[in-house]
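So the structure is just underneath, and the comments pick up after that.
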Amino acid sequence: MSNHTQLVIFDCDGVVIDSEVISANVLIDKLTLLGAEIDMAFVQQHFLGCKFATVAQKIEDLLSLTLSPQFELEYREQLLAVFEHQLTLTAGFNKVLAQLTVPYCIATSSSLPRTTKALSVVGLTDVFSGCVFTASEVKRGKPAPDLFLHAAERMGVKPEHCLVIEDSFFGVTAAVAANMPVIHYVGGGHMDPDSQTVLQAFSQVPVLKHWDDFSAIMPALMR
């Protein structure tokens, strides 16, 4: 691994943990009760990678539906309950951690309580202790670069020496805006590995379909 990369920044949902299908299904079910019929493709197109405040605003704009003050709390409580029984790591992620010889952290649009609970369920609390950064810590969430720049600053690494691993279009956009090298990870259960959305916008961004291929893709990125 080259000295040029001094920090790996992981998104959490859909990258570290295979949570996006679970999250989407809980949200779809709750919106159905309010009369709004959406599907997984709609969630992926409009909500993936966004913090909840942004999702709520998009629901209002796109679906003409204003969520009640208690909706977010109820959604989060239901989601965490499902996490207890269904949440897993993305396939092969532990092998990646074993390969890394530089520091790493998480920069996520999810709330700190949700991320803390998720990491506890999959047994990574100690692994990421003290190096989890959430959108609540910055003014603008993804696709703005603020969260990744904040994580780099807190970890004491210059942006150009960071490597971001993201699954969402908004996350990749944020990494590019932060002038950080980025890998588009499409190995989560919610992703279509052959989707062209990110590729069409960012043809220079390499695609990673499975963590087993991480060691092969890294040398070219780390030079």
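Some values worked out for this structure:
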quantity: Extended-chain gain in nm, criterion 0.36 nm per residue less alpha-carbon gap, Gln45 and Thr88; calculated: 13.2 nm
quantity: Simple label model, 7 Å out from Cα along Cβ direction - Ala177 to Ser111, nm; calculated: 2.4 nm
quantity: In Å², nearest 10: area of Lys142 left accessible to a 1.4 Å probe; calculated: 10 Å²
quantity: Gained length - Thr101 relative to Gln70, 0.36 nm times residue gap less alpha-carbon distance; calculated: 6.8 nm
quantity: Largest-first ordering by accessible area, 1.4 Å probe, given options Glu166, Glu20, Glu37, Glu60; calculated: Glu37, Glu60, Glu20, Glu166
quantity: Sequence-separation-based contact order of the stretch 66-147, relative, with Cα cut under 8 Å and 6+ spacing, percent; calculated: 29 percent
quantity: Which of Leu27, Leu65 is most accessible, then next, and so on - probe 1.4 Å; calculated: Leu65, Leu27
quantity: Relative contact order of the chain, defined on C-alpha pairs under 8 angstrom at six or more residues apart (%); calculated: 29 percent
quantity: Å² per residue, accessible surface of the chain at 1.4 Å; calculated: 46 Å²
quantity: Heavy atoms of Tyr104 accessible to a 1.4 Å probe, total area in Å² rounded to 10; calculated: 50 Å²
quantity: Computed FRET value (nearest 0.05) for Glu77 with Ala201, which takes r as the C-beta separation and R₀ as 41 Å; calculated: 0.70
quantity: Length gained when the stretch Ile28-Lys158 is fully extended (0.36 nm per residue, less Cα-Cα span); calculated: 42.9 nm
quantity: Rel. contact order, % - alpha carbon contacts under 8 angstrom, at least six apart, the stretch 17-76; calculated: 26 percent
quantity: Listed residues Thr101, Thr90, Thr32 arranged by accessible area, highest first, probe 1.4 Å; calculated: Thr101, Thr32, Thr90
quantity: Area accessible to solvent at Ser120, 1.4 Å probe radius, in Å²; calculated: 70 Å²
quantity: Within the accessible area of the chain (1.4 Å probe), percent carbon and sulfur; calculated: 52 percent
quantity: Cut-off 15 Å between beta-carbons: net charge of the residues surrounding Ala177, Lys and Arg +1, Asp and Glu -1; calculated: -1
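The values are calculated or read from the model by the stated rules, or taken from the named source; none is laboratory data. Remember, predicted model here, so these are calculated numbers, not experimental data. All Cβ positions, glycine included, derive from the backbone under ideal geometry; neighbour counts span all protein chains shown. These area figures cover heavy atoms from the full protein model, side chains too; ligands, DNA and RNA do not enter into them. Shrake-Rupley method; radii C 1.70, N 1.55, O 1.52, S 1.80 Å.
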